[in-house]
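Enquirer: Dumping the structure here so I can ask a few things about it.
Coordinate-derived values only; no laboratory data. Bear in mind that the values here come from a model prediction, so they are computed numbers and not experimental data. With ideal geometry, Cβ positions are generated from the backbone for all residues, glycine too; neighbour counts draw on all protein chains shown.
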Amino acid sequence: MARIFLRSKIHNAVVTEARKDYVGSFTIDRALMDKADLAEDEKVLVVDVTNGHRLETYLIPGEAGSGVVCANGAAAHLIHKGDTVIVMSFDVTDKPRPPRVIVVDTKNRFAGFLKEKALQPSPRFPAARRARR
């Protein structure tokens, strides 16, 4: 029986722009998309850690190395510049694989891979570190 499993995740990215005048979607630095195994036009769930909003949209690649994380169109009404977000994609499968989860620093640069079952200590995530012990 097929179920829905987490496939990819960018953990705690900082929103650099929110453009209400754009047609729609979510723009992410192409290098981060590649590291997280996310594709252009892929459907994603975006969770705003700052205010609790959740929304589904699709991805547009931004300039590689730019650190851009931009809420476009209707998403910009819920997600604002400076907010912290988690971006996730999922697979519908009966054969799940471990998800690819990347962590970024405060400038949205790749900081490493994260194993969901064994959260590594980090000064950026002290509460999460304590919760997993």
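Enquirer: With a point put 7 Å past each Cα toward its Cβ, work out how far Lys95 is from Met1 in nm, to one decimal.
Expert: 2.0 nm
Enquirer: If you take the beta carbon distance between Phe113 and Ala64 as r and set R0 to 25 Å, what does 1/(1 + (r/R0)^6) give as a FRET efficiency, to the nearest 0.05?
Expert: According to the calculation, E is roughly 0.85.
Enquirer: Among the lysines, select those whose C-alpha is under 29 Å from the C-alpha of Lys81, and discard any that sit fewer than 8 residues away in the same chain.
Expert: Lys9, Lys20, Lys35, Lys43, Lys107, Lys115
Enquirer: On to the next question. Across the range 66-74, in residue order, what do the Karplus-derived ³J(HN,Hα) couplings come to in whole Hz, using 6.51 cos²θ - 1.76 cosθ + 1.60 with θ = phi - 60° and x for Gly and Pro?
Expert: Coupling constants for the range 66-74: 7, x, 5, 9, 10, 7, 10, x, 4 Hz.
Enquirer: Helix-derived [θ] at 222 nm for the chain: sum -39500 (n - 2.57) over DSSP H runs of at least 4, divide by residue count, nearest 500?
Expert: The per-residue figure over the chain is -2500 deg cm²/dmol.
Enquirer: A further question follows. Sort out for me the Cα centre separation of the range 1-47 from the range 49-98, rounded to whole Å.
Expert: 4 Å
Enquirer: Let me ask something else. For P(r) over Cα pairs in 10 Å bins from 0, in percent, several values are listed as [x] 13, 44, 33, 9, 0; [y] 11, 40, 30, 12, 6, 2, 0; [z] 11, 36, 32, 15, 5, 1; flag the one computed from this structure.
Expert: Answer label, from the structure shown: [x].
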